[in-house]
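One structure below.
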Amino acid sequence: MELALYDQQEGYYGAGPPRIGRGGDFFTSVSTGPLFGRLLAMLARQRWERCGRPADFMLVEQGAHDGQLAEDILAALDIPGACYGIVEPNPRYREVQRKRLGERVRWLDGLSQVPQASFLLSNELPDAFPVHVLRWVAGEWLELQVNEALEWVPCPVVEAELAAEVARLPQDVEEGHTVEVSLEALRWLRALAAVRPAGGILIADYGLDAEEIALRPAGTLRRYHAHQTDERVLENLGRCDLTAHVHFTRLIEEAQALGLRVADYDLQGRFLTRLAAPWLREQEGRRMDAATLRQFQSLTHPALMGRSFRCLLLECA
């Protein structure tokens, strides 16, 4: 999965940002229009104020894709002297982002360069991390590995880090029950926690809680191509997006173990509606333009992005 997604020559993401929106393989919250960035700019302002309004504040995005979200946030950002940073080690992505954003952004090679006076955000990042696939077979969890013929092969779990996660899995599931474990997401969260950003961390992505994952016996690993999704994840490798739902319960457990506090966690619809409340009150008695109304409905309606996406806001305890 890592090769199929991130190989510099043949990977789906490695060669440069794939197209999103109507002309691409999938939609994101950014695809709806600039309102999502405007709302995140409001959140950044709140986090800056909570930090005591530091003069050297940096808003940092990881997983910035082609820079569209950064552009939308910068257009609405109201923090005097704030710097916008993008964590991006891939030069091909930096080139695309630089063409869009010019000199308004500072590029960082990794999270270790993020200053403490910062607010970190990511939109649809951990869902694209490689995962291990586990299946319950004859009373034990086996890892589904891939052989040279691109076929699934059940194998005993031997990696210590993976075995520790398998020990957390339920032992009373039906034969063939399948689940994904993202060690990369946990490692990434540990790197975020090491920064200890004063403004906190926002993780926005589609995902599920433990109770919901238990109701998905076939797992959540999928491929996306031309807005179609299926479970044939070993076909057309490098030409399709591969993704698994974020296990938010496990992320929260790990965050708390790392000394982070959950400031807010909710469905995206409810999270953004609360965030937008002051702006919505300002609209009372006015007629909201149709484009903005469509964007807000797309982001918050339960039948659209409002329920399938979640927002997790973490703070240093």
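The values are calculated or read from the model by the stated rules, or taken from the named source; none is laboratory data. Keep in mind it's a predicted model, so treat the numbers as computed, not measured. Here Cβ is always computed from backbone atoms with ideal geometry, including for glycine, and neighbour counts include all displayed protein chains. Note: areas computed on protein heavy atoms with side chains; ligands, DNA, RNA excluded. Shrake-Rupley method; radii C 1.70, N 1.55, O 1.52, S 1.80 Å.
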**Q.** Complete set of residues in region 277-287 that are open to solvent by less than 60 Å² (accessible area, probe 1.4 Å) and either touching a residue at least 12 places away in the same chain (Cβ under 8 Å) or in a helix (DSSP H, G or I) (or both)
**A.** 277, 279, 280
(Q) Quick check on this structure: which one of 127, 205 is in a helix (DSSP H, G or I) and either within 17 Å of residue 65 (Cα to Cα) or hydrophobic (A, V, I, L, M, F, W, C) (or both)? (A) 127
Q. If we scan region 140-150, do we find a residue that is over 25 Å from the mean Cα position of the chain (by Cα), buried (at least 20 other Cβ atoms within 10 Å of the Cβ) and not hydroxyl-bearing (Ser, Thr, Tyr)?
A. yes
Q) When only residues in region 23-63 that are closer than 12 Å to residue 123 by Cβ and touching an Asp or Glu at 6+ places or on another chain (Cβ under 6 Å) count, which is surrounded by the most Cβ atoms within 10 Å (Cβ to Cβ)? A) 37
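Taking strands (runs of 3 or more DSSP E) that do not extend beyond region 222-276, which have at least 3 residues that are in contact (Cβ under 8 Å) with a residue 60 or more places away in the chain and buried (at least 18 other Cβ atoms within 10 Å of the Cβ)? Show your work before the answer.
Values: elements: 222-225, 228-230, 241-243, 260-267.
It comes to 241-243.
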Q: For residue 106, state whether it is under 30 Å from residue 7 (Cα atoms), of a type in the set (D, E, K, R), touching a Cys at 6+ places or on another chain (Cβ under 7 Å) and open to solvent by 70 Å² or more (accessible area, probe 1.4 Å).
A: yes
Q) Only one of 93, 84 is aromatic (Phe, Trp, Tyr) and without any contact (Cβ under 8 Å) to a residue 40 or more places away in the chain; which? A) 84
Q: All but one of (1) out of contact with any helix residue (DSSP H, G or I) (no Cβ under 8 Å at 6 or more places or on another chain); (2) assigned to a helix (DSSP H, G or I) hold for residue 100, so report the exception by its number.
A: (1)
Q) Are any residues in region 288-317 among the aliphatic types (A, V, I, L, M), touching a residue at least 12 places away in the same chain (Cβ under 8 Å) and farther than 18 Å from residue 274 by Cβ, and if so, which ones? A) 291, 317
(Q) at pLDDT 95 or above and on the phi < 0 side of the Ramachandran plot: which single residue out of 10, 49 fits that description? (A) 49
(Q) When the residues of region 66-85 are narrowed to those that are assigned to a loop (DSSP other than H, G, I, E, B), among the small types (Gly, Ala, Ser) and crowded, with 16+ Cβ neighbours inside 10 Å, which ends up nearest to the chain's Cα centre (by Cα)? (A) 67
Q: Select from region 112-132 the residues that are open to solvent by less than 20 Å² (accessible area, probe 1.4 Å) and not small (Gly, Ala, Ser) and write down the one among them that is farthest from residue 187 (Cα to Cα).
A: 119
(Q) Looking at residue 88 and the list (1) closer than 30 Å to residue 224 by Cα; (2) open to solvent by 40 Å² or more (accessible area, probe 1.4 Å), which single condition is not satisfied? (A) (2)
Q. With respect to residue 185, is the statement that it is among the small types (Gly, Ala, Ser) and modelled with pLDDT under 95 true?
A. no
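How many residues does region 160-181 contain that are open to solvent by 70 Å² or more (accessible area, probe 1.4 Å) and either at pLDDT 95 or above or of a type in the set (Phe, Trp, Tyr) (or both)? Give the steps one after another, and end with the answer.
First, pick out the residues of region 160-181 that are open to solvent by 70 Å² or more (accessible area, probe 1.4 Å): 160, 167-168, 171-172, 174-175.
This time we only want the ones that are either at pLDDT 95 or above or of a type in the set (Phe, Trp, Tyr) (or both), so: 160, 167-168, 174-175.
Of the residues in region 160-181, 5 are open to solvent by 70 Å² or more (accessible area, probe 1.4 Å) and either at pLDDT 95 or above or of a type in the set (Phe, Trp, Tyr) (or both).
Got a sec? Which of 264, 209, 241 is closer than 23 Å to residue 131 by Cα and touching a strand residue (DSSP E or B) at 6+ places or on another chain (Cβ under 6 Å)?
Working: 264 fails: closer than 23 Å to residue 131 by Cα; 209 fails: touching a strand residue (DSSP E or B) at 6+ places or on another chain (Cβ under 6 Å).
Going through 264, 209, 241 in turn, the sole match is 241.
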